[in-house]
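Values quoted throughout were computed directly from the atomic coordinates according to the rules given, and no laboratory measurement underlies them. This one's a predicted model, so the numbers in the text were calculated from it and none came from an experiment. Here the Cβ positions follow ideal geometry from the backbone for every residue, glycine too, while neighbour counts run over all protein chains shown.
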Amino acid sequence: MATTEIGIDFIQTQVDHCDSIVENIDKIVPKLYKIRQQALAQKEYINDVNRTIISNYNTGMTVTSDKSVTLNNPVSFSTDTTISSNITALGVDSRKIMQSLFKFKHDIGTTKHFTTEQKGSADERTKGFNLSDVVEITTGLDNLLKKDSTTASAINDGTLGVTTLFKKLPASNPSIEPSSDTAIKLVDTARGANTYEREGTTGVKSGFETTLTATDAILGFGLT
């Protein structure tokens, strides 16, 4: 009988690899579930803030032809946000609330919607992921898992390639701080220190970059 070319210890190592894979999946799945729960909490928060906007539409707001909303009379968002003062016009508080609506994590929502772990920070509101960024990351992960396991394909093939799994801050304007200056819009034609760049008619362009080199630092979710 021919002598085997691998030892018993090699075979045992493959069993250990299988165990490690299962352990890693057991670590990953709860983190994915936390991302899922964060998205559901943010959805309810957005719906409740939007309900306040709609319920005050007739008496406290006007809408221009480009669908911009202006608060004419004081409107309280204190039930759902940490900002307890009545909001009017385009002050910094109203802009912080609008900013919180398209962020994945932020400091504006209350514990009515978010657990202690889900509550974000001011940095996450000004620098962190937009909801659209998390859509790209999770789509990139889905694409990676679906890619053929025998035939190689371009890393950026498809509508959203796996490159969208990774996000890095740009060299300039790494954060957006809403301004109280009524001449400065929260969303405008170009990105600045106080302004997001508009994408299409209803979107906000991501402030992150997906073109990476080996030395670049990337952002994660900070989950445990």
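Tabulated data for the structure shown
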read-out: On Cα atoms only, tilt of 8-55 relative to the major axis of the chain in degrees; value: 10 degrees
read-out: Fluctuation leader among Ser55, Ser121, Ser20 - the chain, Gaussian network, Cα springs under 10 angstrom; value: Ser20
read-out: Label corresponding to volume of the Cα convex hull per residue in Å³ when calculated from the structure given, among [x] 173; [y] 164; [z] 117; value: [y]
read-out: Karplus 3J(HN,Hα) series, Hz, for the range 194-204 with 6.51 cos²θ - 1.76 cosθ + 1.60 (x for Gly, Pro); value: 10, 9, 8, 8, 6, 10, x, 9, 10, x, 10
read-out: Residue of Glu23, Glu209, Glu44 that the Gaussian network model of the chain assigns the largest fluctuation, springs spanning Cα pairs under 10 Å; value: Glu23
read-out: Distance between modelled label sites at Val135 and Thr202, nm, 7 Å Cα→Cβ extension; value: 0.9 nm
read-out: Computed lengthening from Cys18 to Glu117, 0.36 nm per intervening residue step minus Cα-Cα distance; value: 32.5 nm
read-out: Residue order, fewest to most surrounding Cβ atoms within 10 angstrom, among Thr79, Thr150; value: Thr150, Thr79
read-out: Long-range HN-HN contacts of Tyr196 with modeled amide H, under 5 Å; value: Val187, Asp188
read-out: MRE, 222 nm, helices only [DSSP H, n ≥ 4, -39500 (n - 2.57), over the chain, to nearest 500]; value: -12500 deg cm²/dmol
read-out: Candidate lysines for bridging to Lys103, where Cα separation is under 18 Å - those fewer than 8 sequence places away on the same chain excluded; value: Lys34, Lys43, Lys112, Lys119, Lys127, Lys167, Lys168, Lys185, Lys205
read-out: Under-5 Å amide H pairs with Ile87, H placed in peptide plane, nonlocal only; value: Val75, Ser76, Phe77
read-out: Virtual spin-label span in nm between Leu40 and Val92, 7 Å along Cα→Cβ; value: 3.6 nm
read-out: Dipole magnitude of the chain, debye to nearest 20 (Cβ charges: Lys/Arg +1, Asp/Glu -1, about Cα centre); value: 900 debye
read-out: Cβ-based exposure ranking for Lys147, Lys112, Lys105, Lys119, in which fewest neighbours within 10 Å come first; value: Lys112, Lys147, Lys119, Lys105
